[in-house]
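A short reminder: the numbers here are calculations on the coordinates, not readings from a lab. Nothing here was measured: the structure is a model prediction, and the numbers come from that model. Cβ sites come from the backbone with ideal geometry, for glycine too, and all protein chains shown count toward neighbours.
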Amino acid sequence: MEALFYVVPVLMIVLVLFGAGAVIRRSRRVNSAWSSGLTAEARCLRTYTTTSGGGDTMVSTSLHHVYEFATREGRIVRFEERGGPGTTLEGDIVTVHYAADHPERATAHAPSRGKLAAGAGCALVFFGVVVAFCVVFILVAHKMFDFMGS
């Protein structure tokens, strides 16, 4: 039974660290696309929404866009992006930013480094609070078991 008080928080820490890694990777990819200076005109091929939650939990809806563009070398690239503007419809032409070495990681989001940093920073602070809570929980559980054992 004692192991449960150690294993669950450690698993939560591992999951949170994977989430933090994903946030950092996503931020670096978007920033790389913006920093490359390469842009292209892309056509929005499809828009759709996904929902999650329901029942006793809050429902969350995400808007997705599928874009296609040609790189300067003539390579046709298709990519999907979540969280774009609701005003972009199928058939619309948008400017995308991409890095030459990874055009499939393009983004149609306009450069906004401050917003990107703030979003990533808030997520990382949240993850840090969760990790700190788990560590404190482990330490308190350990002290409690030491106290009960003596």
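Here are some notes:
- Label-point gap, in nm, between Ser112 and Val136 - each point 7 angstrom along Cα→Cβ: 3.3
- Computed over segment 4-149, the P(r) tail beyond 26 angstrom holds 44 percent of alpha carbon pairs.
- Sites Ile24 and Met144 - FRET efficiency at Förster radius 41 Å, r taken between beta-carbons, to 0.05: 0.75
- Amide H to amide H distances under 5 Å link Ala40 with Val96, where only residues 5 or more positions off or on other chains count and H is placed in the peptide plane.
- Once the Cα-Cα distance is subtracted from the 0.36 nm per residue extended length, the Arg78 to Leu11 segment shows a gain of 20.5 nm.
- For segment 117-126, putting each phi into the Karplus relation 6.51 cos²θ - 1.76 cosθ + 1.60 with θ = phi - 60° gives couplings of 5, 5, x, 5, x, 4, 4, 5, 5, 4 Hz, in residue order, rounded to whole numbers and with x for Gly and Pro.
- Modelled label positions at Asp56 and Ala70, each set 7 Å beyond Cα in the direction of Cβ, lie 5.6 nm from each other.
- Between the Cα long axis of helix 4-36 and the first principal axis of the chain there is an angle of about 20°, rounded to the nearest 10.
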